[in-house]
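Notes for the one structure printed next.
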Amino acid sequence: MRSALLLAAFVAAPFPAVRHNRLVRAEPGVDATVVKSPGQIRLWFTEPPELAVSSIKLADAAAKPIPTGNVKATDDKTSIAVAVMTPLPAGKYTVTWKTAGADGHVIKGSFGFTVGT
Ligand SMILES: [Cu+2]
């Protein structure tokens, strides 16, 4: 029902003036190289992310999923995070995320980071 209402709103206003929620910062950073395995993956957005539709997934260079905790709120309302359950060996990793802002539009993206020197 909610999605039908959202769709109707979208069709009625094909050129919405509102800006969708956007990723503004990440830790580890987008395309960053970190020396130490991160204890968590944390993302910041332009507006508070909807926790219920949020996911943060981590995979190694072979696209094998790396175990993480559940997506959780942080002390900053524009940020969400997941714990990384095991130390990451040196290598390249991909973070794939999904969330929504107050307007309910789902946004998603992915970025890489490297552990090692
Ligand atoms: Cu939007």
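The values are calculated or read from the model by the stated rules, or taken from the named source; none is laboratory data. All values reported here derive from a predicted model rather than from experimental measurement. Ideal geometry is used to build each Cβ from the backbone, glycine not excepted, and the neighbour counts take in all protein chains shown.
Data table
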read-out	value
Count - residues of the stretch 8-40 that are at pLDDT 80 or above and not in a loop (DSSP other than H, G, I, E, B)	8
Which listed residue is part of a loop (DSSP other than H, G, I, E, B), free of Cβ contacts under 8 Å to residues at least 60 places away in the same chain and surrounded by 16 or more Cβ atoms within 10 Å (Cβ to Cβ), from LEU58, LEU88	LEU88
Selection within the stretch 94-117 - away from the ligand (no atom under 16 Å from the Cβ) and over 14 Å from the mean Cα position of the chain (by Cα)	THR114, VAL115, GLY116, THR117
Residues located in the stretch 91-103, provided they are outside any strand (DSSP E or B) and either β-branched (Val, Ile, Thr) or exposed (fewer than 14 other Cβ atoms within 10 Å of the Cβ) (or both)	ALA102
Subset of the stretch 70-85 [in a loop (DSSP other than H, G, I, E, B) and either within 16 Å of the ligand (Cβ to nearest atom) or touching a Lys or Arg at 6+ places or on another chain (Cβ under 6 Å) (or both)]	THR78
